Amino acid sequence: AQPKTKKTLGKTGVKNVVVVEGVRIPFLQSGTSYADLMPHDLARAALQGLLTRTSVPRDVVDYIVYGTVIQEVKTSNVAREAALGAGFSDKTPAHTVTMACISSNQAMTTGVGMIAAGQCDVVVAGGVELMSDVPIRHSRKMRKTMLTLNRAKTLGQKLSLISKIRPDYFTPELPAVAEFSTSETMGHSADRLAAAFGVSRLEQDEYALRSHSLAKKAQDEGLLQDVVPFKVPGKDTVTKDNGIRPSSLEQMGKLKPAFVKPYGTVTAANSSFLTDGASAMLIMSEEKALAMGYKPKAYLRDFVYVSQDPKDQLLLGPTYATPKVLEKAGLTLGDIDVFEFHEAFAGQILANLKAMDSDWFAQNYMGRKSKVGAPPLDKFNTWGGSLSLGHPFGATGCRLVITAAHRLKKEGGQYGLVAACAAGGQ
């Protein structure tokens with residue numbers, strides 16, 4: 001085989017930005033070992049894991065950015081609380097971003113922008129999600145009553161307000177994994193998407209089984225080097241992801257549809273599960289990394305964000321983003337050695353692969369002359385994905401990037417492409 005051209009994607013006059021290291025605590029099914037913790041505890045553990053692995057002096061870090069989706073009310077800027085808890089300098093600013101399932105992608109690209117603009121040389125980016133404990137609110141009527149009660153001065157006013165409370169005031173408000181603009185849950189949308197692209201239940205189950213089998217193999221072979229152990233206070237040390245469960249097509253076939261009943265094809269087995277976890281990544285200018293004696297794992301070269309109609313194209317972000325980012329970088333799909341796509345649902349992945357491989361879709365929906373092509377499966381999520389490893393909403397982006405970097409090194413590849421869909425049709 002001809003050796004690949006060693007075309008560099010460096011830009012004149014812009015600093016090279018590199019990944020020095022990326023880690024994550026084990027991703028666990030919600031309601032298991034992390035159930036009694038708070039999000040900043042998980043984020044702190046990931047940050048401490050990064051410090052331990054890199055020995056980077058804490059005061060060298062110029063800035064910290066974290067992504068999260070369902071925010072704990074007490075720690076709304078979870079980046080700052082986690083950084084202080086992990087022993088970073090109180091002089092290091094930190095902020096938190098939210099962009100659904102691509103929150104830590106946004107954290108990383110924010111860091112890339114800061115370094116490229118000359119604002120910083122060393123940024124820590126990461127993400128965290130704790131689905132074991134989510135904010136459950138009183139109803140709007142009850143909140144209003146309580147706030148008014150707070151302002152009431154006399155006993156008479158207080159008793160008058162209390163007397164107006166009705167049983168329905170006590171109905172709690174739960175956070176929903178649903179689109180605010182359409183009120184549709186993501187699972188329902190995934191089911192419609194799979195139907196629109198003719199993706200069968202069997203195809204989805206087969207893809208989910210592939211994800212779990214590849215994740216198990218990667219875990220057994222020690223390939224998931226980004227995982228750092230976490231001593232859970234009052235419990236044991238957690239060392240590995242606990243959602244990897246290769247089943248059989250027969251077992252998976254017995255499950256009922258989870259969202260569109262009774263004829264839907266999306267089930268608990270071919271969807272990502274609710275997950276607790278956190279990730280952290282050390283990003284530097286190449287110059288700074290080399291001056292400090294680090295050997296970079298990868299260059300972060302280009303990125304693009306897209307958004308579509310959240311009703312009918314909620315989960316098609318990768319299809320729209322891939323040709324754009326390839327064009328920006330001057331590459332074709334065939335140049336890419338490693339693909340890491342976020343697996344929200346098996347049906348969503350398969351629908352995206354079909355859309356990417358369709359000239360008709362490219363011409364009618366994307367305004368392009370021809371399709372970009374579907375990534376070959378032998379280069380695609382070969383160490384498992386969100387269906388098996390888990391998907392803590394705010395933390396997955398960093399996992400995708402560091403996995404792509406590790407796979408490039410192991411496989412001797414040059415270019416990796418990471419993509420993810422997110423709520424809001426992004």
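Summary of values
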item	result
Lone qualifier among 191, 220, 168 - being more than 20 Å from the chain's Cα centre (by Cα), crowded, with 21+ Cβ neighbours inside 10 Å and acidic (Asp, Glu)	191
Some residue of the range 66-73 being in contact with a His (Cβ under 9 Å, 6 or more places away or on another chain) and surrounded by fewer than 20 Cβ atoms within 10 Å (Cβ to Cβ)	yes
Among (1) open to solvent by 60 Å² or more (accessible area, probe 1.4 Å); (2) over 21 Å from residue 422 (Cα atoms); (3) in contact (Cβ under 8 Å) with a residue 60 or more places away in the chain; (4) touching a helix residue (DSSP H, G or I) at 6+ places or on another chain (Cβ under 9 Å) - the single one residue 202 does not satisfy	(3)
Selection within the range 87-142 - over 21 Å from residue 17 (Cβ atoms) and under 13 Å from the mean Cα position of the chain (by Cα)	98, 100, 101, 128, 129, 130
Search result, residues across the range 143-186 that are within 30 Å of residue 312 (Cα to Cα) and assigned to a helix (DSSP H, G or I)	186
Residue check, residue 56 more than 21 Å from the chain's Cα centre (by Cα), in contact (Cβ under 8 Å) with a residue 60 or more places away in the chain, within 22 Å of residue 80 (Cβ to Cβ) and not in a helix (DSSP H, G or I)	yes
Any chance residue 215 is modelled with pLDDT under 95 and either touching a strand residue (DSSP E or B) at 6+ places or on another chain (Cβ under 8 Å) or open to solvent by 20 Å² or more (accessible area, probe 1.4 Å) (or both)	no
Qualifying residues in the range 45-59 (those that are open to solvent by less than 60 Å² (accessible area, probe 1.4 Å) and not small (Gly, Ala, Ser)) - the one farthest from residue 282 (Cα to Cα)	57
Subset of the range 146-168 [touching a Leu at 6+ places or on another chain (Cβ under 8 Å) and among the β-branched types (Val, Ile, Thr)]	148, 162
From 84, 50, residue being part of a helix (DSSP H, G or I), under 20 Å from the mean Cα position of the chain (by Cα) and not hydroxyl-bearing (Ser, Thr, Tyr)	50
Every pair of residues 6+ apart whose Cβ atoms lie under 9 Å, when the first sits in the range 71-97 and is among the acidic types (Asp, Glu) while the second is assigned to a strand (DSSP E or B)	81/94
Residue among 390, 397 that is modelled with pLDDT of 95 or more and either touching a Leu at 6+ places or on another chain (Cβ under 9 Å) or under 16 Å from residue 224 (Cβ atoms) (or both)	390
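Here's the yes/no breakdown for (1) touching a Gly at 6+ places or on another chain (Cβ under 9 Å); (2) aliphatic (A, V, I, L, M); (3) under 22 Å from residue 177 (Cβ atoms):
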{"residue": "198", "(1), (2), (3)": "no, no, no"}
{"residue": "206", "(1), (2), (3)": "no, no, no"}
{"residue": "213", "(1), (2), (3)": "yes, no, no"}
{"residue": "221", "(1), (2), (3)": "no, no, no"}
{"residue": "228", "(1), (2), (3)": "yes, yes, no"}
{"residue": "259", "(1), (2), (3)": "yes, no, yes"}
{"residue": "262", "(1), (2), (3)": "no, no, yes"}
{"residue": "266", "(1), (2), (3)": "yes, yes, yes"}
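The values are calculated or read from the model by the stated rules, or taken from the named source; none is laboratory data. Keep in mind it's a predicted model, so treat the numbers as computed, not measured. Every residue, glycine among them, receives a Cβ derived from its backbone with ideal geometry; neighbour counts consider all protein chains shown. The area values use the complete protein model at the heavy-atom level, side chains included, leaving out ligands, DNA and RNA. Shrake-Rupley method; radii C 1.70, N 1.55, O 1.52, S 1.80 Å.
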